[in-house]
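Report on the structure given below.
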Amino acid sequence: MELLVEYQKSQIAGMGAIPHDGGVDFRVWAPNAQEVFVVGDFNDWQNDAIPLVHEENGYWSVSVPEATIGQAYKYLLKTHNGDFLRNDPYARQLTSSIGNSLIHNPAFDWGEDNFQMPSQNEMVIYELHIGTFNAKEDGKPGDFYSAIERLNYLKSLGINAIEIMPIAEFPGGFSWGYNPAHPFAVESDYGGPEGLKAFVKVAHQKGIAVILDVVYNHFGPSDMDLWQFDGWSENGLGGIYFYNDWRAKTPWGDTRPDYGRGEVRQYIRDNALMWLDEYHIDGLRMDMIPYMRNVNADGNPGNDLQEGYSLIQWINSEIKSRYPNKFTVAEDLHNLDCITGHIDDGGLGYSSQWDAVFVHPVRDAIITMHDQDRDMNVLVNSILHKYNNDAFQRVIYTESHDEVANGKARVVQEIAGQEDVNTWYAKKRSILGTVLTMTSPGIPMLFQGQAILEDKWFHDTDPIDWERFTMFKGISKLYRDLIALRLNKFGNSAGLTGQHTEIVSVDNEAKTIVFHRWKEGGPRDVVVVVMNFSQNVAENLPVGFPGPGSWRMRFNSDWEGYDNDFDNHFTQETVIIPQDINGKFISPLSVGAYSTVIYSHD
């Protein structure tokens, strides 16, 4: 009792299990509990041995000198509706999704982690799933340590940012991750918090940022101790952490967090900041935020969740204030400027957003079988589209976890149909999509396995087949060359990092498009992209250049060094453009079937 009296004079800061030199502090929110106890290895799991002191506003806390790092524990909540043994909502580590919470030591040897996030105009993202990226044993998911083994591959490819699919503790060992049962805990089958920290540390040493996919539009829906946490609920719904009325409904279950409740808002905000602080994560990608700002994501004002909207603003403003160089990206896909608009102007304040205006028309264009059915004019908007007049407020891609599953397949598989993807058509047209991703204004993103022509579709039990790297080394080189151009590695393609784009010509009959990219303008900056979306060679294609001088080819996707099936069609390596008294700088070029050539000024 003396311990409890002493504790009442000095309130514990923080939430969850907080280790310190004198033991471990425990603090939990359970406003409907009559009594709360902490039980665990430190007291032989005796139910009534260590009571927590009731603070204001439903919080309970106690300091336990005999508790130590690594020990298992739970909370015992005694309520009007019965007794409940619950995992800690703030637990950083669990034995499993249905196991016990573990007292975690947040300390980690980061060394000299002075990593600097690449700027948005010089970022190339690679989305990966820890469980399938580099699985080593049949029947077991990959983990952070096996993923580390492939970081050199990503570095050699030119990738400077990884986006990992959600890694919060989920039921079982196989999942996409979009069913977080314990939002603060790192998936035990992936290696837990130590594994994640090791992964981030090595990625940073190799110059690669780590962006984490987080899920706040719902929790669970299974293996959730958050559900009716302290026994209270209404309408048979989730209790204190969730809406308990019609607003609870989501496509993934009736488990939408209550964005209007202060303690729940704090819980989600604390979660977002935890990844950036404790794990040195460089950015957050928030999953399907339309379901945070509207119950049905349908735009009906009657279904709006203003409290969800304001929660996002609060989180993003906190990130910008505390970590100004961190990156936040939204999956919204509703073509809204407000998603990346300034918070002071009523926007949500994300750094960037996934762009449906790019991915869907571009995928359609390259998957379409017959050339005559391909509408080149649609691609113009996909290339030029911006949010708030900023080219890099959008992330552009042809493959993501959503685009290569849920009834859809990898781009090469969509083109090949039921055949093996190692066909001329599948390789050539899928590369057109990659070229557009790397040369259009925006932040380019690849999905795991894309550069080795991974086939079929994404599934959490189907790991990447790394033997394909040997099969398609030339294709990997093509990706590497494109990324080097996109990042101006050789100092001759700065325009691909710039804001400016001009469509020079579109020929819907010949299926060609020519556009310029530039940053400041001038030599070694302006880039000319010439694309042929036809299975016929584009002969004598009139290509407009921005000015006179010597223009050198930097890339030809038809080069046989990329693949033996390619035609190696001859296109002028150097184009000399004379001064024209009419101010027109045009040269005829011959471009191979389903091919792209890229020039820049010497």
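The values are calculated or read from the model by the stated rules, or taken from the named source; none is laboratory data. Please read these numbers as outputs of a predicted model, since none were measured by experiment. Every residue, glycine among them, receives a Cβ derived from its backbone with ideal geometry; neighbour counts consider all protein chains shown. These area figures cover heavy atoms from the full protein model, side chains too; ligands, DNA and RNA do not enter into them. Shrake-Rupley method; radii C 1.70, N 1.55, O 1.52, S 1.80 Å.
Go through the stretch 436-450 and give me each residue that's over 13 Å from TYR397 (Cβ atoms) and of a type outside the set (Ser, Thr, Tyr). Across the stretch 436-450, the qualifying residues are PRO441, GLY449. The residues on offer are ASN406, ASN388, and the sole one that is farther than 30 Å from ARG261 by Cβ, open to solvent by 30 Å² or more (accessible area, probe 1.4 Å), of a type outside the set (A, V, I, L, M, F, W, C) and at pLDDT below 95 is ASN406.
Reported count of residues in the stretch 379-434, each being of a type in the set (A, V, I, L, M) and outside any helix (DSSP H, G or I), is 7.
To keep it simple, each residue is scored yes or no on (1) in a helix (DSSP H, G or I); (2) free of Cβ contacts under 8 Å to residues at least 12 places away in the same chain; (3) among the hydrophobic types (A, V, I, L, M, F, W, C).
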| residue | (1), (2), (3) |
| --- | --- |
| LYS477 | yes, no, no |
| ARG480 | yes, no, no |
| LYS489 | no, no, no |
| PHE515 | no, no, yes |
| GLU520 | no, no, no |
| VAL529 | no, no, yes |
| VAL543 | no, no, yes |
| GLY547 | no, no, no |
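Only residues that are touching a residue at least 12 places away in the same chain (Cβ under 8 Å), over 20 Å from ILE240 (Cα atoms) and either among the basic types (Lys, Arg) or open to solvent by 10 Å² or more (accessible area, probe 1.4 Å) (or both): list them for the stretch 24-47, please. ASP25, ASP41, PHE42, ASN43, ASN47, listed by residue number. Residues in the stretch 288-311 that are open to solvent by less than 10 Å² (accessible area, probe 1.4 Å) and under 19 Å from ALA356 (Cβ atoms): ILE289, PRO290, MET292, ASN294.
Quick check on VAL506: is it in contact with a Leu (Cβ under 7 Å, 6 or more places away or on another chain) and in contact (Cβ under 8 Å) with a residue 60 or more places away in the chain? For VAL506, the condition - in contact with a Leu (Cβ under 7 Å, 6 or more places away or on another chain) and in contact (Cβ under 8 Å) with a residue 60 or more places away in the chain - is not met. Here the condition is being surrounded by fewer than 20 Cβ atoms within 10 Å (Cβ to Cβ) and at pLDDT 95 or above; of MET369, MET438, it holds for MET369 alone.
The condition of being at pLDDT 95 or above and under 19 Å from SER590 (Cα atoms) holds for only one of GLN448, GLN535, that being GLN535. For the stretch 473-505, the set of residues classified as open to solvent by 50 Å² or more (accessible area, probe 1.4 Å), hydrophobic (A, V, I, L, M, F, W, C) and within 28 Å of ASP375 (Cβ to Cβ) consists of VAL504 only. Look at (1) surrounded by fewer than 23 Cβ atoms within 10 Å (Cβ to Cβ); (2) in a loop (DSSP other than H, G, I, E, B); (3) touching a His at 6+ places or on another chain (Cβ under 9 Å) and you find that LEU226 fails only one, number (1).
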